[in-house]
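*Asks:* Here it is, the structure, as structure tokens.
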């Protein structure tokens, strides 16, 4: 069995069972699965779940059918890939702790919740996984529940003898939304070449035992650290967090500004503790964000020396990956940029046209009434903007649409109180704010420092990151347009 044969393309299920996926009988035979077996699947954003597997010969061999609830639990949609993971035995649960979300609970009593939960699991032998959600129709309301705990942990089968505990305060969806830190490469628009190189570097370290001899054959060594640099708001931190999720490893984040804000001796201790914790929780990625603040400070020499010591102590066998992120690479000490320390240096440039279109679509989600041509036009207008600028721009357009909706609803309520409008974002909402926003782009001078740094430390064009033409770079092509003070972004 190859790894590729464990990967399946998601399709919508023909039925609506929250606990069942369907594969072809030939695929089930290759996976040594019988109808009704429980199997574990991995989706996006490190999400996993356990499901019963049934055969469906109308399903193609490389496809898997699952309903919307299970797709949500795996953070996938039709066309995405899920991976089958062997699951030798799923035990019957002693206890499961399940709570409803607070919204849509009006007029629903605790007894009603308990009754419907018991009915949902009764004699169904449904597998559950911590973090999974599912929906139940209670009266006229569709109530969503979440699996909080299972015994055994992290998954089990709810059998007749399993205790179903649903006592506790309902879950606040807003609080959970803001506490969520799920992000993967599909959430980061563009930068495909950088993503590929990041994954190759990190997977090489994680698979050190298998790949070390190949590197030694050519006298190569694994990179000790990776430096992500580029304009603020282009997604360097997000790329690092997505990388940790894609590689399914732990992530520790250390802020350079936090180190500078403490006494130098305390900063040394904190830095040493961070590396120690990374080794203890390996495989682990240690992200030091805004490391330039340490080099900028005149009192941080001991901290920089400690950092050098820690970097020199890293080895591929430790499975600790160091990533530094900065907006000001010119402040870095050259000792950190030499081979054996921050070996890989990757410019994260301004988003290109395709990436800008993706950012606009992701930000607006399903509330856009604009055509593809409108999206393309808006993305062209935002050439030279960072990802953060584009998100802020779209959010202002959303606020304009909400303001219009509120005004329309107040007028309609006077005529018909039962009519409610949905938020719908149109091109004219963007046009209303174009005249009020400041210019959201870098000038040639602002981008110059990244060009100088790249030409010095990355003489080979590894990531197709080219720069605007200038007197010093007459052959340069544009990776993203740079504007002068006389340019009007929105003309």
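*Asks:* Taking the number of other C-beta atoms within 10 Å as the exposure measure, put 427, 7 in order starting with the fewest.
*Replies:* On the way: 427 17, 7 14.
With the fewest neighbours first, 427, 7 line up as 7, 427.
*Asks:* For a bin width of 10 Å, list the pair-distance distribution of the range 95-179 built from all Cα-Cα distances, rounded to whole %.
*Replies:* Here the calculated profile for the range 95-179 is 17, 54, 27, 2.
*Asks:* For the range 264-285 and the range 12-51, write down the distance between their C-alpha centroids in whole Å.
*Replies:* Each part reduced to its Cα centre gives a spacing of 40 Å.
*Asks:* As a footprinting exposure proxy, order 241, 236 by other Cβ within 10 Å, with the fewest listed first.
*Replies:* 241, 236
*Asks:* Working out 0.36 nm times the residue gap between residue 403 and residue 61, then minus their Cα-Cα distance, what length gain in nm do you get to one decimal?
*Replies:* Difference between extended and current length: 118.1 nm.
*Asks:* Please report how far the C-alpha centroid of the range 385-400 lies from that of the range 313-378, rounded to the nearest whole angstrom.
*Replies:* Cα centroid of the range 385-400 versus Cα centroid of the range 313-378: 18 Å apart.
*Asks:* Here's another thing I want to ask about it. Using mean Cβ contacts within 10 Å as the protection proxy, how do 9-15, 92-98 order, highest first?
*Replies:* 92-98, 9-15
*Asks:* Kindly provide the pair-distance distribution of the range 3-85 built from C-alpha pairs, with 10 Å bins from 0 and whole-percent values in order of increasing distance.
*Replies:* It works out to 20, 62, 17, in whole percents.
*Asks:* Could you give the length gained on full extension between residue 142 and residue 200, defined as 0.36 nm per residue of separation minus the Cα-Cα distance, in nm?
*Replies:* 16.5 nm
*Asks:* Next up: May I ask you to sort 447, 293 by Cβ crowding, counting other Cβ atoms within 10 Å and putting the fewest first?
*Replies:* 293, 447
*Asks:* Taking every DSSP beta bridge that has both residues in the range 14-154, what percent is antiparallel when rounded to the nearest 5?
*Replies:* On the way: 21 of 25 bridges.
Around 85 percent antiparallel, to the nearest 5.
Only the coordinates and a few stated rules stand behind these numbers; no lab work does. Being a predicted model, the structure only gives us computed values, none of them experimental. Please note: Cβ atoms are built from the backbone with ideal geometry, for glycine as well, and neighbour counts cover all protein chains shown.
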